[in-house]
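Note sheet for the following structure.
Each reported figure results from applying straightforward, stated rules to the coordinates on display, with no laboratory input. Small disclaimer: the values here were computed from a predicted structure and weren't measured.
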Amino acid sequence: MARLEILEFPDPRLRTVAKPVEKVDDAMRQLIDDMFETMYEAPGIGLAASQVNVHQRLLVMDVSDDGNEPRVFINPEITPLTDETKIYDEGCLSVPGFYETVERVDRVRINALDRNGEPFEIEADGLLAVCIQHEIDHLDGKLFVDYVSRLKRERIRKKLEKIHRQRA
Ligand code: QAP
Ligand code: CO
């Protein structure tokens, strides 16, 4: 297992649209394990491959209170199940230290492949539904800061760029 480096906003690589996974093999399962280690260490509740600079349609999540319900979604397809929306205070491992409210659909169906390449389907609401929409956005090169005002987004960008300069 290994911890992976997480790209941070405004890194342009986070804007890459990820390609479908063609084969779920041992190398993919190794990547999944490394992504879980990276997510749990952070700690976080969701991590998309895009955030570790792997531009394939794969994400890992654990929204349980005890951090003992790992979930893998490969090539996830999302279907909204309602017009109703909810707002939630979101954060992101690629935007550390910043939280903003985002409005999203309240109930979704997800079709995806598991770590053995087997298809499965779930319906999600609450935090699970928020998190999966947030993570699928990453695979499409989108970030939660895209949903806040330009002023807020620019403030966040400047603060993170300053932190990145101080790190270097
Ligand atoms: C996405 O985010 C999410 O700022 C997952 O300093 C978040 O795991 C979906 C984190 C909220 C729905 C609701 C953020 C860790 C983790 C930070 C995360 C930080 C350290 C974020
Ligand atoms: Co994120």
For GLY46, enumerate residues with amide H under 5 Å from its amide H, sequence gap 5+ or separate chain, H modeled in the peptide plane.
ASP62
Looking at the chain as a GNM with Cα springs under 10 Å, which of GLU121, GLU154, GLU69 has the largest mean-square fluctuation?
GLU69
Residue-ordered couplings for region 146-154, obtained by feeding phi - 60° into the Karplus form 6.51 cos²θ - 1.76 cosθ + 1.60 and rounding to whole Hz (Gly and Pro as x), are 5, 8, 9, 4, 4, 4, 5, 4, 5
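Using a/c under 1.5 as the rounded threshold, could you call region 2-108 rounded, prolate or oblate? The axes a ≥ b ≥ c are square roots of the C-alpha gyration tensor eigenvalues, and prolate needs a/b larger than b/c, oblate otherwise. Before the final figure, lay out each step's value.
Details: a/c = 1.41, a/b = 1.26, b/c = 1.12.
Cα axes put region 2-108 in the rounded bin.
Could you work out the helix-only [θ] at 222 nm for the chain, with each DSSP H run of four or more residues adding -39,500 (n - 2.57) and the total divided by the number of residues, to the nearest 500 deg cm²/dmol?
On the way: 3 runs with 48 residues, N = 168.
Computed mean residue ellipticity for the chain: -9500 deg cm²/dmol.
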Of LEU151, LEU143, LEU47, the most mobile residue in a GNM of the chain (C-alpha springs, cutoff 10 Å) is LEU151
Percent antiparallel among DSSP beta bridges confined to the chain, nearest 5, equals 95
Along region 6-23, Karplus-curve 3J(HN,Hα) (6.51, -1.76, 1.60; θ = phi - 60°) to the nearest Hz, with x for Gly and Pro, reads 9, 5, 10, 3, x, 3, x, 5, 5, 8, 5, 7, 6, 9, x, 6, 8, 9
For THR16, list long-range residues whose amide hydrogen, built 1.01 Å from N in the peptide plane, is under 5 Å from its own amide hydrogen.
none
